[in-house]
Amino acid sequence: MTQIKEPASRGAYRLIDAGDEQKLEMVGPYKVVRQAAQAFWPRKLDAREWQRDVNGVHVRTQKGGGFWKFEQRPPESWIVDWRGFRFKAKLTDFGHIGLFPEQGATNFEWLRRHAADPSLHVINLFGYTGGSSLAAAAAGAQVTHVDASKGVVTWARENFELNGLGDHPVRWIVEDVVKYLEREVRRGNRYQGFILDPPTYGRGPKGQIWRIEKDLPILLDLIEKLADPFAFILLSCHTPGFTACSLKNILHMAFDLPLAQIEAGEMTVGIENSELVLPSGTYARWAV
Ligand SMILES: C[S@@+](CC[C@H](N)C(=O)[O-])C[C@H]1O[C@@H](n2cnc3c(N)ncnc32)[C@H](O)[C@@H]1O
């Protein structure tokens with residue numbers, strides 16, 4: 001695997017402010033403004049702070065995608081530190097930056113604790129650029145990383161290289177999650193740890209449609225067949241209606257887990273110099 005060229009400028013991810021349905025972030029040395037549909041409160045910092053030295057503002061278009069309006073265009077990609085890992089950051093048209101800070105803030109420590117066993121096989125579904133795969137691998141577990149997009153799987157591999165984990169046992173799979181798990185069941189393969197962060201709507205590499213309401217039960221059914229022995233599961237999402245309570249009930253019903261042993265809540269990111277946190281999706285998790 002080719003080593004990516006490391007730009008000189010680095011720094012940590014920071015959420016500087018949120019309010020009026022937007023968030024102001026430092027992605028390493030670059031300052032960006034993105035939508036935060038859940039920030040129904042006024043901003044703490046004044047307009048000058050929100051505008052000063054801003055590199056880019058993401059504008060959402062009606063179709064759901066969007067574009068960046070650049071004041072000072074950052075490089076194509078750079079390195080950012082977050083929760084003990086280094087990530088290749090990049091501003092995508094969709095308004096993503098290459099990592100979901102709420103996963104790091106809410107779940108990385110928990111994953112590190114429950115994946116700290118080299119005999120454990122962990123599968124990360126909808127793995128994207130590999131944040132949760134990194135947390136599981138750094139703890140010691142063997143990881144299978146599944147995503148429909150070849151581009152993001154390459155990106156995840158680059159993130160492993162950046163963190164000195166390029167030689168860690170990882171299976172990189174570009175495949176539709178349901179298709180892949182069906183094949184794993186047929187092959188008799190087994191996993192002990194499961195991480196899944198399903199989108200509301202997605203597509204497999206051959207155009208297979210993923211809809212959370214219809215397909216999540218199918219996926220959980222496959223997971224039940226693959227879990228042996230079942231060590232942990234972390235389910236998170238950003239879909240309206242899939243509240244913490246709802247995710248908890250889903251795990252309870254799918255795997256007959258005691259409700260009292262399932263932790264659930266909102267994924268959050270702390271706002272700098274403030275007691276406020278920005279809610280960013282929900283999670284439910286269980287470990288033996
Ligand atoms: C919300 S992101 C997951 C974020 C990730 N868990 C993290 O914390 O960094 C959704 C991902 O699901 C992938 N995806 C969507 N539909 C898929 C499918 N049918 N099979 C496999 N991956 C899919 C997309 O390519 C995308 O990378």
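The values are calculated or read from the model by the stated rules, or taken from the named source; none is laboratory data. Remember, predicted model here, so these are calculated numbers, not experimental data. Counting neighbours? That spans all protein chains shown, and the Cβs are built from the backbone with ideal geometry, glycine included. What goes into the accessible areas is simple: the full protein's heavy atoms, side chains included, and nothing from ligands, DNA or RNA. Shrake-Rupley method; radii C 1.70, N 1.55, O 1.52, S 1.80 Å.
Applying the condition of being out of contact with any helix residue (DSSP H, G or I) (no Cβ under 7 Å at 6 or more places or on another chain) and outside any helix (DSSP H, G or I) to region 135-164 and asking which residue is surrounded by the fewest Cβ atoms within 10 Å (Cβ to Cβ) yields Gly164. Of the set (1) open to solvent by 60 Å² or more (accessible area, probe 1.4 Å); (2) touching a helix residue (DSSP H, G or I) at 6+ places or on another chain (Cβ under 9 Å), all apply to Ile250 but (1). Of all residues in region 162-185, exactly one satisfies the criterion of being under 17 Å from Lys206 (Cβ atoms), more than 10 Å from the ligand (Cβ to nearest atom) and out of contact with any Leu (no Cβ under 9 Å at 6 or more places or on another chain), namely Arg183. Scanning region 62-91 for residues that are under 27 Å from Arg112 (Cβ atoms) and not aliphatic (A, V, I, L, M) yields Ser77, Trp78, Asp81, Trp82, Arg83, Gly84, Phe85, Arg86, Phe87, Lys88, Lys90. Scanning region 141-161 for residues that are more than 22 Å from Glu184 (Cβ to Cβ) and away from the ligand (no atom under 15 Å from the Cβ) returns a single hit, Glu161. Please verify whether region 121-131 includes one or more residues that are assigned by TED's automatic domain parsing to the domain that holds Pro229, open to solvent by 20 Å² or more (accessible area, probe 1.4 Å) and over 15 Å from the mean Cα position of the chain (by Cα). Yes.
Listed here are the strands (runs of 3 or more DSSP E) enclosed by region 195-267 that have at least 1 residues being within 16 Å of the ligand (Cβ to nearest atom), within 25 Å of Ala137 (Cα to Cα) and touching a Gly at 6+ places or on another chain (Cβ under 6 Å): 227-237. Looking across region 122-133 at every residue that is hydrophobic (A, V, I, L, M, F, W, C) and in contact with a helix residue (DSSP H, G or I) (Cβ under 6 Å, 6 or more places away or on another chain), the one that is farthest from the ligand (Cβ to nearest atom) is identified as Val122.
Just to be sure, is Ala105 open to solvent by less than 30 Å² (accessible area, probe 1.4 Å) and touching a residue at least 12 places away in the same chain (Cβ under 8 Å)? When the stated conditions are applied, Ala105 does not pass them. Applying the condition of being of a type outside the set (A, V, I, L, M) and in a helix (DSSP H, G or I) to region 110-120 and asking which residue is surrounded by the fewest Cβ atoms within 10 Å (Cβ to Cβ) yields Arg113. Would region 5-28 turn up any residue that is of a type in the set (Gly, Ala, Ser), at pLDDT below 95 and more than 25 Å from Asn159 (Cβ to Cβ)? No, every residue in region 5-28 fails to be of a type in the set (Gly, Ala, Ser), at pLDDT below 95 and more than 25 Å from Asn159 (Cβ to Cβ).
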